[in-house]
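None of the figures in this text is laboratory data; all of them are computed from the coordinates on show. Just so it is clear, the structure is predicted and the values come from calculations on it, not from any experiment. Every residue, glycine as well, gets a Cβ built from its backbone with ideal geometry; the counts of neighbours run over all protein chains shown.
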Ligand code: DSN
């Protein structure tokens with residue numbers, strides 16, 4: 001790569017990137033929404049395609065010189081269709097938030113009602129948070145999870161759908177450890193005259209490989225990011241039924257975006273081709289097995305794992321059930337000192353504000369990409385436990401950090 005140029009021209013950025021590379025190399029990455037892309041994806045994203053303006057869609061652009069980016073975008077679309085069995089795909093959303101907003105712009109008018117998962121119990125900002133445009137423009141009602149089981153309350157969803165008659169039901173989460181019954185959600189929505197948006201950003205890799213139920217046959221709209229379990233570049237994508245194809249394309253461009261990020265779309269094309277390979281199925285199986293092992297060992301170490309475990313790539317640990325009642329934020333800061341990267345998260349029946357929170361969200365996509373397996377998950381659970389029980393003791397934290405770095409060195413990133 002051309003890092004020599006960067007070093008010469010911009011020492012500040014060069015050095016920050018070098019430090020970030022070292023951080024990624026030597027920290028155990030458990031943020032459930034992060035992953036490590038292949039060198040091929042990195043090359044595509046760092047390519048000359050960043051230079052090109054290409055408003056419009058393949059073979060129908062506003063500017064000249066688009067023949068090569070047309071090829072790239074068409075490859076991305078065709079591969080995504082094959083991967084998910086979608087009728088129509090738009091690969092231009094700059095992010096998952098952009099993808100969701102384009103669906104709202106396509107399906108709703110300001111003031112229309114939407115029904116979404118409660119944000120405190122796993123939902124996403126773009127699913128109706130009062131300070132997000134989705135919460136400002138639309139009338140939002142929430143369904144929730146069962147406080148005891150930690151699982152989505154589909155009966156409550158049906159009751160609210162019947163009472164409120166929303167125009168759109170959204171299903172999908174940022175912090176939900178269980179499998180989702182998309183078919184049931186579509187039945188509930190359609191019975192009550194609503195369309196469905198499934199936001200599969202977190203579990204796209206599990207769905208692409210058939211490990212989790214796909215919403216694509218059942219829901220009008222499916223959005224995802226491409227950088228979580230799917231292991232591609234940062235970005236978004238929309239899949240929809242054919243009848244909404246034109247409206248969705250128009251909601252992205254010119255509706256809510258201008259020129260597409262062609263270098264990111266090239267990275268998506270490479271990601272989809274990687275995800276079509278048999279090795280990717282094996283990778284997703286290992287992500288789930290690792291999450292299950294990590295959750296099992298955390299439970300064995302005395303922590304309450306929300307819903308009793310996990311079906312996917314992540315778990316929620318409720319810290320209130322262990323002595324000390326540490327906040328999620330304090331736990332995150334302590335673990336960071338031991339080179340273990342996590343994020344605080346609200347948990348069912350939360351008693352703290354979101355910036356403190358009472359839980360941790362742990363995920364296994366990134367560590368699994370490095371090649372770590374069940375044995376390492378058990379060790380990582382024990383390291384987390386030791387650090388959280390250390391009461392800040394520098395000796396304990398230093399020993400955990402030393403071990404975390406050793407594990408990382410055993411599974412290098414090869415960038
Ligand atoms: N920030 C993402 C996550 O961590 O799940 C959601 O947008």
For the stretch 48-145: rounded, prolate or oblate by the Cα gyration tensor [a/c cutoff 1.5] | prolate
quick note, the chain, DSSP beta bridge pairs, % antiparallel (nearest 5) is 55 percent
The exposure ranking of 326, 372, fewest beta-carbon neighbours within 10 Å first, is 326, 372
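Let a ≥ b ≥ c be the square roots of the eigenvalues of the Cα gyration tensor of the stretch 264-317; is it rounded (a/c under 1.5), or, if not, prolate (a/b larger than b/c) or oblate?
Prolate is the answer for the stretch 264-317, as a/c is 1.5 or above and a/b outweighs b/c.
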Diffusion coefficient, µm² s⁻¹, Stokes-Einstein with Kirkwood Rh over alpha-carbon pairs of the chain at 10 °C and 1.306 mPa s = 72 µm²/s
Length added when fully stretched, residue 322-residue 276, from 0.36 nm per residue minus Cα-Cα | 12.3 nm
Heads up, the stretch 92-216 by the C-alpha gyration tensor (a ≥ b ≥ c square roots of eigenvalues; a/c under 1.5 rounded, else a/b over b/c prolate, else oblate) looks rounded
Most packed first (mean Cβ within 10 Å per residue), the peptides 259-267, 18-26 order as 259-267, 18-26
Rounded to the nearest 500, what is the chain's calculated 222 nm mean residue ellipticity when only DSSP H runs of at least 4 contribute -39500 (n - 2.57) each, over all residues?
-> -13500 deg cm²/dmol
Take 310, 223, 256 and order them by how many other Cβ atoms sit within 10 Å, fewest up front.
-> 256, 310, 223
Taking other Cβ within 10 Å of each residue's Cβ, how do 112, 199, 153 sort, fewest first?
-> 112, 153, 199
Hey, how many Å between the Cα centroid of the stretch 38-88 and the Cα centroid of the stretch 147-179?
-> 35 Å
Tail weight of P(r) past 16 Å, computed on alpha-carbon pairs of the stretch 203-307, percent = 68 percent
What ranking, highest mean first, results for peptides 337-347, 159-169 when packing means the other Cβ atoms within 10 Å averaged over each residue?
-> 337-347, 159-169
Which percent of the Cα-Cα distances in the stretch 118-164 go past 18 Å?
-> 34 percent
Potential extension, residue 155-residue 187 segment - 0.36 nm per residue separation minus Cα distance | 10.3 nm
Applying 1/(1 + (r/R0)^6) with R0 = 35 Å to the Cβ-Cβ distance of residue 7 and residue 165, what FRET efficiency is obtained, to the nearest 0.05?
-> 0.05
Against the rule of thumb 2.2 N^0.38 Å, how large the Cα Rg of the stretch 1-109 comes out | 1.38
Of the peptides 201-214, 384-397, how do they stack up when ordered by the mean number of other Cβ atoms within 10 Å, highest first?
-> 201-214, 384-397
